[in-house]
Amino acid sequence: LLARSLARPSARSGAPRCAAPLMEEEQATLKCDVRKLPDSAIALDISVPKEVADEVHLKVLNNLAKQTKLDGFRQGKVPPQAVIAKLGMQKVKEATVEQIIDVGMTQSGVGQRVQTVGEARLPEELENVAKRYKIGEALDFSVEVDVYPQLQLEESVYKGLEVDVEEPEFNQDAYDAALRKLRKQ
(Lines give C-alpha, C1' and ligand atoms only; values in the text may rest on other atoms or scores of the structure.)
Protein backbone atom coordinates (compact mmCIF):
# COMPACT_ATOMS: atom_id res chain seq x y z
CA LEU A 1 0.00 0.00 0.00
CA LEU A 2 2.79 2.42 0.82
CA ALA A 3 4.59 1.87 -2.42
CA ARG A 4 1.40 2.09 -4.45
CA SER A 5 0.74 5.66 -3.26
CA LEU A 6 3.95 6.90 -4.86
CA ALA A 7 3.89 4.38 -7.70
CA ARG A 8 1.99 6.53 -10.17
CA PRO A 9 3.93 7.55 -13.26
CA SER A 10 5.11 11.11 -13.00
CA ALA A 11 3.77 13.70 -15.38
CA ARG A 12 7.18 15.37 -15.20
CA SER A 13 9.32 12.45 -16.25
CA GLY A 14 6.90 10.54 -18.45
CA ALA A 15 8.81 7.38 -17.56
CA PRO A 16 6.93 4.22 -16.69
CA ARG A 17 7.76 2.45 -13.48
CA CYS A 18 10.37 -0.29 -13.76
CA ALA A 19 10.27 -3.55 -11.90
CA ALA A 20 11.99 -3.59 -8.55
CA PRO A 21 15.34 -5.38 -8.44
CA LEU A 22 14.95 -8.57 -6.45
CA MET A 23 18.51 -9.48 -5.58
CA GLU A 24 18.88 -11.18 -2.22
CA GLU A 25 22.18 -9.60 -1.12
CA GLU A 26 20.93 -6.13 -2.05
CA GLN A 27 17.63 -6.60 -0.31
CA ALA A 28 19.48 -7.52 2.88
CA THR A 29 21.48 -4.26 2.84
CA LEU A 30 18.44 -2.02 2.36
CA LYS A 31 17.80 -0.25 5.66
CA CYS A 32 14.49 1.05 6.91
CA ASP A 33 13.97 2.71 10.28
CA VAL A 34 10.53 3.67 11.57
CA ARG A 35 10.10 6.81 13.66
CA LYS A 36 6.91 7.90 15.38
CA LEU A 37 5.66 11.37 14.53
CA PRO A 38 2.95 13.39 16.26
CA ASP A 39 -0.71 13.04 15.29
CA SER A 40 -0.72 9.30 14.50
CA ALA A 41 1.93 9.39 11.81
CA ILE A 42 5.20 7.59 11.23
CA ALA A 43 8.30 8.40 9.22
CA LEU A 44 10.14 5.73 7.29
CA ASP A 45 13.84 6.53 6.98
CA ILE A 46 14.96 4.38 4.05
CA SER A 47 18.52 3.93 2.87
CA VAL A 48 18.83 2.40 -0.60
CA PRO A 49 22.32 0.97 -1.24
CA LYS A 50 24.51 2.03 -4.15
CA GLU A 51 24.04 -1.24 -6.05
CA VAL A 52 20.25 -0.98 -6.09
CA ALA A 53 20.33 2.73 -6.94
CA ASP A 54 22.73 2.07 -9.85
CA GLU A 55 20.56 -0.74 -11.22
CA VAL A 56 17.43 1.42 -11.01
CA HIS A 57 19.24 4.32 -12.71
CA LEU A 58 20.28 2.09 -15.62
CA LYS A 59 16.73 0.73 -16.03
CA VAL A 60 15.24 4.24 -15.99
CA LEU A 61 17.81 5.44 -18.51
CA ASN A 62 17.03 2.47 -20.79
CA ASN A 63 13.27 3.11 -20.51
CA LEU A 64 13.76 6.79 -21.31
CA ALA A 65 15.98 5.85 -24.27
CA LYS A 66 13.23 3.59 -25.64
CA GLN A 67 10.62 6.35 -25.37
CA THR A 68 12.64 9.33 -26.53
CA LYS A 69 12.33 10.43 -30.14
CA LEU A 70 15.46 12.10 -31.43
CA ASP A 71 16.39 13.01 -34.98
CA GLY A 72 19.10 10.78 -36.37
CA PHE A 73 18.18 7.76 -34.23
CA ARG A 74 15.62 5.02 -34.73
CA GLN A 75 12.76 4.76 -32.27
CA GLY A 76 13.99 2.94 -29.14
CA LYS A 77 17.65 3.09 -30.21
CA VAL A 78 18.64 6.43 -28.70
CA PRO A 79 21.88 6.12 -26.69
CA PRO A 80 21.72 7.09 -22.99
CA GLN A 81 24.12 10.02 -23.47
CA ALA A 82 21.79 11.53 -26.09
CA VAL A 83 18.81 11.09 -23.74
CA ILE A 84 20.66 12.96 -20.99
CA ALA A 85 21.63 15.70 -23.45
CA LYS A 86 18.04 16.09 -24.66
CA LEU A 87 16.13 15.83 -21.35
CA GLY A 88 18.77 17.20 -19.01
CA MET A 89 20.45 15.49 -16.08
CA GLN A 90 17.94 16.92 -13.56
CA LYS A 91 14.95 15.29 -15.31
CA VAL A 92 16.79 11.97 -15.55
CA LYS A 93 17.71 12.18 -11.86
CA GLU A 94 14.09 12.98 -10.93
CA ALA A 95 12.85 9.93 -12.83
CA THR A 96 15.54 7.82 -11.18
CA VAL A 97 14.73 9.10 -7.69
CA GLU A 98 11.03 8.31 -8.20
CA GLN A 99 11.97 4.76 -9.09
CA ILE A 100 14.41 4.45 -6.18
CA ILE A 101 11.72 5.61 -3.76
CA ASP A 102 9.30 3.05 -5.17
CA VAL A 103 11.88 0.27 -4.98
CA GLY A 104 12.95 1.28 -1.47
CA MET A 105 9.41 1.25 -0.15
CA THR A 106 8.60 -2.05 -1.87
CA GLN A 107 11.70 -3.86 -0.68
CA SER A 108 11.56 -2.46 2.87
CA GLY A 109 8.43 -4.54 3.51
CA VAL A 110 6.98 -1.96 5.91
CA GLY A 111 3.69 -1.97 3.99
CA GLN A 112 2.97 -5.50 5.18
CA ARG A 113 3.77 -4.71 8.83
CA VAL A 114 2.06 -1.33 9.29
CA GLN A 115 -1.61 -0.50 8.78
CA THR A 116 -1.69 2.87 7.08
CA VAL A 117 -4.37 5.48 6.61
CA GLY A 118 -4.11 7.46 3.40
CA GLU A 119 -1.16 7.79 1.10
CA ALA A 120 2.55 8.06 1.79
CA ARG A 121 4.17 11.44 1.15
CA LEU A 122 7.65 12.84 0.86
CA PRO A 123 8.35 15.51 3.48
CA GLU A 124 10.54 17.32 0.94
CA GLU A 125 10.03 18.07 -2.73
CA LEU A 126 11.07 15.42 -5.24
CA GLU A 127 13.24 18.00 -7.01
CA ASN A 128 15.24 18.55 -3.80
CA VAL A 129 15.80 14.81 -3.33
CA ALA A 130 16.91 14.60 -6.97
CA LYS A 131 19.33 17.52 -6.49
CA ARG A 132 21.09 15.87 -3.57
CA TYR A 133 21.16 12.45 -5.26
CA LYS A 134 24.49 11.69 -6.87
CA ILE A 135 24.51 8.97 -9.51
CA GLY A 136 26.61 6.05 -8.35
CA GLU A 137 25.91 6.64 -4.65
CA ALA A 138 23.39 5.36 -2.13
CA LEU A 139 20.25 7.40 -1.51
CA ASP A 140 18.73 8.15 1.87
CA PHE A 141 15.20 9.55 2.05
CA SER A 142 12.23 9.74 4.38
CA VAL A 143 8.58 9.04 3.68
CA GLU A 144 5.75 10.00 6.02
CA VAL A 145 2.47 8.14 6.33
CA ASP A 146 -0.51 8.34 8.66
CA VAL A 147 -1.37 5.28 10.73
CA TYR A 148 -4.31 4.26 12.85
CA PRO A 149 -3.97 5.74 16.34
CA GLN A 150 -3.17 3.40 19.19
CA LEU A 151 -5.93 3.66 21.75
CA GLN A 152 -5.29 2.45 25.28
CA LEU A 153 -8.58 1.71 27.04
CA GLU A 154 -8.86 0.25 30.50
CA GLU A 155 -11.84 -1.91 31.32
CA SER A 156 -12.57 0.15 34.44
CA VAL A 157 -13.28 3.19 32.26
CA TYR A 158 -16.20 1.68 30.35
CA LYS A 159 -17.32 -1.24 32.54
CA GLY A 160 -20.59 -0.55 34.36
CA LEU A 161 -21.58 2.53 32.34
CA GLU A 162 -25.26 3.35 32.37
CA VAL A 163 -26.91 4.69 29.25
CA ASP A 164 -30.45 5.99 28.79
CA VAL A 165 -31.88 4.85 25.48
CA GLU A 166 -35.06 6.31 24.04
CA GLU A 167 -37.10 3.92 21.97
CA PRO A 168 -38.75 5.60 19.00
CA GLU A 169 -42.50 5.28 18.73
CA PHE A 170 -43.85 3.10 15.96
CA ASN A 171 -45.50 5.23 13.26
CA GLN A 172 -48.27 3.13 11.77
CA ASP A 173 -49.23 5.74 9.15
CA ALA A 174 -45.69 5.94 7.72
CA TYR A 175 -45.47 2.14 7.72
CA ASP A 176 -48.74 1.82 5.81
CA ALA A 177 -47.70 4.51 3.30
CA ALA A 178 -44.38 2.77 2.62
CA LEU A 179 -46.15 -0.56 2.22
CA ARG A 180 -48.64 0.93 -0.29
CA LYS A 181 -45.77 2.49 -2.23
CA LEU A 182 -43.96 -0.85 -2.45
CA ARG A 183 -47.13 -2.60 -3.62
CA LYS A 184 -47.70 0.06 -6.25
CA GLN A 185 -44.16 -0.31 -7.60
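The values are calculated or read from the model by the stated rules, or taken from the named source; none is laboratory data. Only a predicted model underlies this, so the values are computations on that prediction, with no experimental measurement involved. Neighbour counts run over all protein chains shown; Cβ positions are idealised from the backbone, glycine included. Heads up: the accessible areas ignore ligands, DNA and RNA and are worked out on the full protein's heavy atoms, side chains in. Shrake-Rupley method; radii C 1.70, N 1.55, O 1.52, S 1.80 Å.
My understanding is that a pair violates if its Cα-Cα distance is over 32 Å; which of 66/131; 36/66; 69/131; 36/59; 77/131 do that in this structure? Walk me through the intermediate numbers first.
Working: 66/131 24 Å; 36/66 42 Å; 69/131 26 Å; 36/59 34 Å; 77/131 28 Å.
Pairs exceeding the cut-off: 36/66; 36/59.
I'd like to compare 161-171, 115-125: which one has the highest average count of other Cβ atoms within 10 Å, and what's the full order after that?
115-125, 161-171
Quick one: dipole size for segment 55-136, taken about the Cα centre, charges +1 on Lys/Arg Cβ and -1 on Asp/Glu Cβ, in debye to the nearest 20.
So the magnitude is around 360 debye.
Quote the accessible area belonging to residue 100 in square angstrom, nearest 10, computed with a 1.4 Å probe and with ligands, DNA and RNA left uncounted.
0 Å²
Pop out the carbon and sulfur fraction of the accessible area of segment 38-137 as a percent, whole number, probe 1.4 Å. All intermediate terms of the calculation are to be shown ahead of the outcome.
Details: 2600 of 5090 Å².
Here it works out to 51 percent.
Are there trypsin sites (Lys or Arg not before Pro) in segment 39-85 that DSSP puts in a loop and that have at most 15 other Cβ atoms within 10 Å, and which ones?
69, 74, 77
For residue 171 and residue 115 in one chain, what is 0.36 nm times their gap in residues minus the Cα-Cα distance, to one decimal in nm?
Difference between extended and current length: 15.7 nm.
Using a/c under 1.5 as the rounded threshold, could you call segment 125-180 rounded, prolate or oblate? The axes a ≥ b ≥ c are square roots of the C-alpha gyration tensor eigenvalues, and prolate needs a/b larger than b/c, oblate otherwise.
Because a/c hits 1.5 or more and a/b fails to exceed b/c, segment 125-180 counts as oblate.
Could you pull the accessible area for residue 153 with a 1.4 Å probe, rounded to 10 Å²?
Around 120 Å² of this residue is reachable by solvent.
Excluding same-chain residues fewer than 8 positions from residue 184, which aspartates and glutamates have a Cα within less than 20 Å of its Cα?
Leaving aside aspartates and glutamates fewer than 8 places away in the same chain, those within reach of residue 184 are 173, 176.
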